[in-house]
Amino acid sequence: MCRVIAIANQKGGVGKSSTSINLAASLAVLERRVLLIDADPQANTSSSFPVVDNENCTFTIDLYNYAKDSINPFRTLTPNLSLIPTNINLANLEIQEKNYFGTHHELKHSLEDLKKEYDYIIIDCGPSLNFITTSFLCISDSLLIPVQCEFYALNGLFKLFNVFKTIKQEYNQNLDIEGILITMYDKRLAFSNVIVDQIKNHFKTLVFNTIIVRNVKVSEAQSHRKTLIDYDASSKGALNYLSLATEIIENNKNDEMNNDSLGRNLNQILEEAKNENDLSTIFERLPINKENKDSNYISKNYEKLIGLSKKDIKSIFSESFNDFYSDVWVFRINEKISYFKKNYLYIHFTNQKVEKYELTVFKRRE
Ligand SMILES: Nc1ncnc2c1ncn2[C@@H]1O[C@H](COP(=O)(O)OP(=O)(O)OP(=O)(O)O)[C@@H](O)[C@H]1O
Ligand SMILES: [Mg+2]
């Protein structure tokens with residue numbers, strides 16, 4: 001049976017296209033018949049393959065104009081991997097159908113035909129929740145969400161979950177979450193692990209075990225119009241994507257069992273999505289929860305600063321007025337506790353690493 005996986009996150013530059021290309025190529029290497037569809041008018045995925053034969057090949061826009069027997073994907077140099085590339089007409093379609101949200105019947109027919117030919121169809125969506133993205137979500141089996149390992153990574157995810165929920169309730173009740181994929185993990189930044197922990201604590205079983213590391217070969221391969229496996233099969237990135245493909249194949253083998261574990265967590269997340277505009281209140285940039293005045297909670301989190309470098313601290317507290325070379329940095333944390341009290345955090349460095357911290361409340365004179 002064919003599985004249609006849409007790769008989406010309205011946040012730009014989180015690794016959607018890189019994941020689409022390299023997951024598709026990895027599944028193909030593992031001997032699955034794979035079709036990659038470029039559903040982003042930016043055409044990053046299409047341009048990561050050698051020039052496509054314009055004459056006979058079907059483009060993504062053609063899928064919205066169902067004509068049986070005429071769908072002709074482009075055969076890439078990777079065995080088992082075909083591509084439906086995009087061209088600028090897709091952007092025109094986007095403009096025409098600006099206010100449209102829902103199932104597109106011709107697209108659905110086209111996909112039904114294609115599903116007979118492939119084991120996996122991977123769809124690279126653009127960085128918005130527009131007509132094209134939503135129409136593809138209406139015909140997909142699952143949504144794979146790449147999130148970049150950085151602060152604010154999860155901003156906007158509630159919006160994505162709300163769109164997911166609407167589509168599932170009204171247009172495509174089979175739509176599932178394939179998983180949340182952490183991308184561009186950089187072990188040199190000690191804070192990366194804190195972000196990974198936060199994502200895993202919140203999304204639990206929805207998060208893939210595989211994490212994609214930051215690896216320069218990912219962009220190099222694209223500029224050479226090659227998949228990562230073709231460009232450097234032994235690179236960390238290539239191995240990560242192979243491991244992701246294996247994980248997806250395994251998950252789908254135990255389909256029923258897995259759906260249970262996904263579902264348990266998913267309902268809770270969808271429930272929370274109703275009440276929040278954004279995940280930024282849960283995944284605070286600082287290890288401070290503005291809503292939570294419990295000092296134990298705060299100090300427990302500050303422990304995580306110990307041992308971090310100045311660069312790490314700077315990336316956490318981005319608007320810093322501290323002298324980079326000073327060994328004591330100070331930050332005002334929380335909004336005002338009250339009009340008369342302000343809370344400050346002092347960070348003491350020894351040999352460029354955080355040695356200790358202090359929290360001080362200054363009381364203003366009345
Ligand atoms: N694991 C990685 N290591 C290093 N660079 C990466 C990695 N993944 C992606 N990149 C680079 O980051 C940039 C953004 O990645 P990509 O184009 O895959 O994101 P995207 O979510 O598809 O972006 P858009 O929202 O614009 O479609 C690209 O230059 C890509 O080469
Ligand atoms: Mg992209």
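The values are calculated or read from the model by the stated rules, or taken from the named source; none is laboratory data. All of these numbers come straight from a predicted model, not from anything done at the bench. Because the Cβ atoms are built from the backbone with ideal geometry, glycine has one as well, and the counts that use them run over all protein chains shown.
For region 1-16, check the following and say yes or no: at least one residue is at pLDDT 90 or above, out of contact with any Cys (no Cβ under 8 Å at 6 or more places or on another chain) and in a helix (DSSP H, G or I). Checking region 1-16: not a single residue is at pLDDT 90 or above, out of contact with any Cys (no Cβ under 8 Å at 6 or more places or on another chain) and in a helix (DSSP H, G or I). Filter region 18-55 for residues that are more than 13 Å from Leu83 (Cα to Cα) and of a type in the set (S, T, N, Q); which is nearest to the chain's Cα centre (by Cα)? Filtering region 18-55 for residues that are more than 13 Å from Leu83 (Cα to Cα) and of a type in the set (S, T, N, Q), the one nearest to the chain's Cα centre (by Cα) comes out as Thr19. For region 166-202, which positions are surrounded by fewer than 20 Cβ atoms within 10 Å (Cβ to Cβ), touching a strand residue (DSSP E or B) at 6+ places or on another chain (Cβ under 8 Å), assigned to a helix (DSSP H, G or I) and not basic (Lys, Arg)? Matches in region 166-202: Val196 only.
Scan region 198-255 for residues that are among the small types (Gly, Ala, Ser) and touching a Phe, Trp or Tyr at 6+ places or on another chain (Cβ under 7 Å) and jot them down. Even if it seems obvious, please write down each step before you answer.
Going residue by residue through region 198-255, those that are among the small types (Gly, Ala, Ser) are 219, 221, 223, 233-235, 237-238, 243, 245.
Answer for region 198-255, where residues must be among the small types (Gly, Ala, Ser) and touching a Phe, Trp or Tyr at 6+ places or on another chain (Cβ under 7 Å): just Ala221.
Just one of the numbered conditions (1) among the polar types (S, T, N, Q); (2) under 33 Å from the mean Cα position of the chain (by Cα); (3) modelled with pLDDT of 65 or more is not true of Ser326: (2). Of all positions in region 86-96, at least one carries a residue that is at pLDDT below 90, small (Gly, Ala, Ser) and under 28 Å from Ser223 (Cβ atoms). Just so you know, in region 149-165 the residues that are out of contact with any helix residue (DSSP H, G or I) (no Cβ under 6 Å at 6 or more places or on another chain) and not in a helix (DSSP H, G or I) include one that is surrounded by the most Cβ atoms within 10 Å (Cβ to Cβ), and it is Ala153.
What about Asp141, is it more than 16 Å from ligand 2 (Cβ to nearest atom), loosely packed, with under 15 Cβ neighbours inside 10 Å and of a type in the set (Asp, Glu)? Spelling it out, it is not the case that Asp141 is more than 16 Å from ligand 2 (Cβ to nearest atom), loosely packed, with under 15 Cβ neighbours inside 10 Å and of a type in the set (Asp, Glu).
Cβ-Cβ distances below 6 Å connect the following pairs, each with a first residue in region 310-334 that is in a loop (DSSP other than H, G, I, E, B), a second residue that is modelled with pLDDT of 75 or more and hydrophobic (A, V, I, L, M, F, W, C), and a separation of six or more residues or different chains: Phe317/Phe331; Asn322/Trp329; Asp327/Phe349.
Taking the listed residues Pro127, Pro146, the one that is under 23 Å from Leu244 (Cβ atoms) and in a strand (DSSP E or B) is Pro146, with no other qualifying. Tell me the residue from Ser47, Ser20 that is buried (at least 22 other Cβ atoms within 10 Å of the Cβ), assigned to a helix (DSSP H, G or I) and among the hydroxyl-bearing types (Ser, Thr, Tyr), please. Of the residues listed, the single one that is buried (at least 22 other Cβ atoms within 10 Å of the Cβ), assigned to a helix (DSSP H, G or I) and among the hydroxyl-bearing types (Ser, Thr, Tyr) is Ser20. Do you know which residues across region 1-33 are of a type in the set (A, V, I, L, M) and closer than 26 Å to Cys149 by Cβ? Ile5, Ala6, Ile7, Ala8, Val14, Ile21, Leu23, Ala24, Ala25, Leu27, Val29, Leu30 - these are the residues of region 1-33 that are of a type in the set (A, V, I, L, M) and closer than 26 Å to Cys149 by Cβ.
Sort out which residues of region 119-136 are in contact with a strand residue (DSSP E or B) (Cβ under 8 Å, 6 or more places away or on another chain), away from ligand 2 (no atom under 16 Å from the Cβ) and not hydroxyl-bearing (Ser, Thr, Tyr), and write them in order of number. Result: Asp119, Ile121. Counting the residues of region 97-124 that are assigned to a strand (DSSP E or B) and at pLDDT below 90 gives 0.
Can you tell me which residue among Val34, Val29 is surrounded by fewer than 24 Cβ atoms within 10 Å (Cβ to Cβ), away from ligand 2 (no atom under 16 Å from the Cβ) and of a type in the set (A, V, I, L, M, F, W, C)? Walk me through it before giving the result.
Working: Val34 fails: surrounded by fewer than 24 Cβ atoms within 10 Å (Cβ to Cβ).
That would be Val29, the only listed residue that is surrounded by fewer than 24 Cβ atoms within 10 Å (Cβ to Cβ), away from ligand 2 (no atom under 16 Å from the Cβ) and of a type in the set (A, V, I, L, M, F, W, C).
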